[in-house]
Amino acid sequence: MNDILNKTTVLVLNRNWQAINVRTPQEVFCMMATNVATALEIEGDDHIRPVTWDEWITLPVRSQDNAVQTVRGPIRVPTVVVAVNFAKVPKKRPKLCTHTIRERDGNRCQYTGKVLKPGEGSLDHVLPRSRGGKETWENIVWSSKDVNTRKGSRLPHEAGLKLLSVPRAPKELPASALIRNAHDIADWELFVKG
């Protein structure tokens, strides 16, 4: 039961009810107890009511709710809270990983232009790590495994290769565009797309 306290299962909205973050119940209870956030009591998309901490701790735990046990009895874990004094939508850059590099490069080998099936490509460091190359958007491209193996620890021109385009970091996006409902929490669907 305590495990629920440390899972990122609570969607945080700004005061304009736009999704801005995901937090653990432990963090959210602190936000609520200090009046930084109010929870939303959600019963379908036609009944959404902001609830302060003092009232929240008295609400009954419903069958669909997660709850934490306290000395005062069980307390319902909110699924969505509103940061009452925060209006902005922060911007974030997508996480640098294989998926986002492949997405940025259109699943094309950046040396040959060939569209690759998922298992045919790999990450290539333009300036190889063995020569001081860093893990940055500007130094990593999607490449066919064959070309990447042929290039080895050489620079592209040393291996007779030429990049089709200069690798760049993607634009920052509103935080809401990067929030995923990994735990399939129904209440989040009112505020997060996909």
What residues qualify as long-range amide H neighbours of E41, i.e. H under 5 Å apart, gap of 5 or more or another chain, H built at 1.01 Å from N?
R49, V51
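Could you sort out which of K114/K145; K114/K193; K7/K92 sit more than 23 Å apart by Cα distance in this structure?
Details: K114/K145 12 Å; K114/K193 32 Å; K7/K92 21 Å.
Pairs exceeding 23 Å: K114/K193.
So how strong a dipole does the stretch 20-81 carry about its Cα centre when Lys and Arg Cβ are +1 and Asp and Glu Cβ are -1, to the nearest 20 debye? Walk me through the numbers on the way to the answer.
Values: 5 positive and 8 negative charges, 49 e Å.
Charge dipole, the stretch 20-81, about its Cα centre: 240 debye, nearest 20.
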State the percentage of accessible surface on the chain attributable to carbon and sulfur atoms; use a 1.4 Å probe and exclude ligands, DNA and RNA.
51 percent
Say the dipole of the stretch 1-159 comes from +1 at the beta carbon of Lys and Arg and -1 at that of Asp and Glu; which of N6, Q64, P78 then lies farthest toward its positive end?
N6
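With an 8 Å cut-off on Cα pairs and a minimum separation of 6 or more residues, tell me the relative contact order of the stretch 26-85 in percent.
Details: 80 pairs, mean separation 21.1, N = 60.
The value is 35 percent.
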Backbone HN-Hα couplings from phi across the stretch 26-42 [Karplus 6.51/-1.76/1.60, Hz, Gly and Pro as x]
4, 5, 5, 4, 5, 4, 5, 5, 9, 6, 7, 9, 10, 7, 9, 7, 10
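What's the FRET efficiency of D184 with K134 using the Cβ-Cβ distance as r and R₀ = 25 Å, to the nearest 0.05? Could the numbers behind the result be given before it?
Numbers: r = 37 Å, r/R0 = 1.46.
So, using R0 = 25 Å, E works out to roughly 0.10.
Using a 1.4 angstrom probe, figure out how much accessible area the stretch 134-194 has per residue, in square angstrom, rounded to the nearest whole.
On the way: 3950 Å² over 61 residues.
Each residue of the stretch 134-194 exposes 65 Å² on average to a 1.4 Å probe.
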Just the number please: accessible area per residue for the stretch 1-68, 1.4 Å probe, all protein chains included, in Å².
55 Å²
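Relative contact order of the chain, please, whole-number percent, based on alpha carbon pairs below 8 angstrom and at least 6 residues apart. Please report the intermediate quantities before stating the final value.
Numbers: 326 pairs, mean separation 42.3, N = 194.
It rounds to 22 percent for the chain.
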FRET efficiency for C30 and E158, Cβ-Cβ distance as r, R0 = 45 Å, nearest 0.05?
0.25
Summed side-chain charge close to N66 - residues other than N66 whose Cβ falls under 11 Å, Lys, Arg +1, Asp, Glu -1:
+1
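The values are calculated or read from the model by the stated rules, or taken from the named source; none is laboratory data. If you're wondering where the values come from, they're calculated on a predicted model, not measured in any experiment. Note: ideal-geometry Cβ built from the backbone for every residue, glycine included; neighbour counts use all protein chains shown. Quick note on the areas: whole protein, heavy atoms, side chains included, nothing else; ligands and nucleic acids left out. Shrake-Rupley method; radii C 1.70, N 1.55, O 1.52, S 1.80 Å.
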